Amino acid sequence: MTAKTPRRALIVIDVQNEYFTGNLQIEYPPVVDSLAHITHAMDAATTAGIPVIVIQQNSPADGPAFAEGSDGWQLHPEVARRHRDVLFLKPLPSAFSETGLSDWLQANQIDTLSVVGYMTHNCNDTTIKHAFDRGMAVEFLHDASGAVSYANRAGYATAEEIHRVFAVVEQSRFAAVLSTEEWVRCVASGEVPVREDILSSYRRAQVLRSAKAA
């Protein structure tokens, strides 16, 4: 293994029944599609010898969602039946917070974290940024994730808007954003996923804005 070869782990975040049949059902992309991409990534990782980390949101038994022991708390059967190397229960959005994830990654010399699961704008986003701040390379499989719509005193945003905007922001600095098929190809070929930065993202937006105004 060369110094340039990433030591990846695939992290599968909160693929639990709550997002399918419970109180917080994923709206975009369609959850049946994102689940198929998640399981495809898990299978590809196992075939390639990439460790699979499964994360399970664990809330108090009397909580409104992900209540410990409830059906919503259970891992989706398609994830539960697949190979995993380690399972961590987490109480907070980031998979790093109050879990053994950091120690496990260090012990296994993992330098690249490939993120799938739910939700794009919540647990995935916080985990991605936590990993970035730790100096890790991060990959976000955008079609193996999903979002819900929000409405509150700050305004309203559809699930599609939230998912799209967060993917753009992740690509601007924090992660290489790619489809599951692109990720599988990178794993097989050694191809390096495209990474960008805030300044270039801003400048490209200026060009697009100018073109539309012309």
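The values are calculated or read from the model by the stated rules, or taken from the named source; none is laboratory data. Values in this document were obtained by computation on a predicted structure and should not be read as measured data. Every residue, glycine among them, receives a Cβ derived from its backbone with ideal geometry; neighbour counts consider all protein chains shown.
Points worth noting:
- Restricting the range 167-214 to residues that are loosely packed, with under 13 Cβ neighbours inside 10 Å and polar (S, T, N, Q), the residue that is nearest to Ile128 (Cα to Cα) is Ser200.
- Look at the range 45-70: where a residue is in contact (Cβ under 8 Å) with a residue 40 or more places away in the chain and under 13 Å from Pro91 (Cβ atoms) and a partner is in a strand (DSSP E or B) and among the charged types (D, E, K, R), sitting 6+ places away or on another chain with Cβ atoms under 9 Å, you get Ile55/Lys90; Gln56/Lys90; Gln57/Lys90.
- Residue pairs meeting the criteria (Cβ under 9 Å; at least 6 apart or on separate chains; first more than 15 Å from Phe174 (Cα to Cα), in the range 190-209; second modelled with pLDDT of 95 or more and of a type in the set (A, V, I, L, M)): Val192/Ala176
- Selection count where residues are surrounded by 17 or more Cβ atoms within 10 Å (Cβ to Cβ) and not in a loop (DSSP other than H, G, I, E, B), scope the range 144-156: 4
- Residue count for the range 117-139, restricted to those that are under 10 Å from the mean Cα position of the chain (by Cα), part of a strand (DSSP E or B) and more than 18 Å from Val168 (Cβ to Cβ): 2.
- Cβ separations smaller than 8 Å between residues 6+ apart or across chains give the following pairs from the range 131-144 residues that are farther than 26 Å from Pro29 by Cβ to residues that are at pLDDT 95 or above and small (Gly, Ala, Ser): Arg134/Ser102.
- The listed residues are Arg134, Arg173, Arg185, and the only one of them that is in contact with an Asp or Glu (Cβ under 7 Å, 6 or more places away or on another chain) and under 19 Å from Ser94 (Cβ atoms) turns out to be Arg173.
- Number of positions in the range 1-45 that are out of contact with any Asp or Glu (no Cβ under 9 Å at 6 or more places or on another chain) and hydroxyl-bearing (Ser, Thr, Tyr): 3
- Sole residue being acidic (Asp, Glu), within 20 Å of Leu178 (Cβ to Cβ) and not in a loop (DSSP other than H, G, I, E, B), chosen from Asp43, Asp103: Asp43
- Exactly one residue among Ile38, Ile55, Ile11, Ile26 is within 17 Å of the chain's Cα centre (by Cα) and part of a loop (DSSP other than H, G, I, E, B), and that residue is Ile26.
- Only one entry of Glu181, Glu191, Glu160 meets the criterion of being within 21 Å of Leu24 (Cα to Cα) and charged (D, E, K, R), and that entry is Glu160.
- All positions within the range 159-214 that are basic (Lys, Arg) and either farther than 19 Å from Thr127 by Cα or in a helix (DSSP H, G or I) (or both): Arg164, Arg173, Arg185, Arg203, Arg204, Arg209, Lys212
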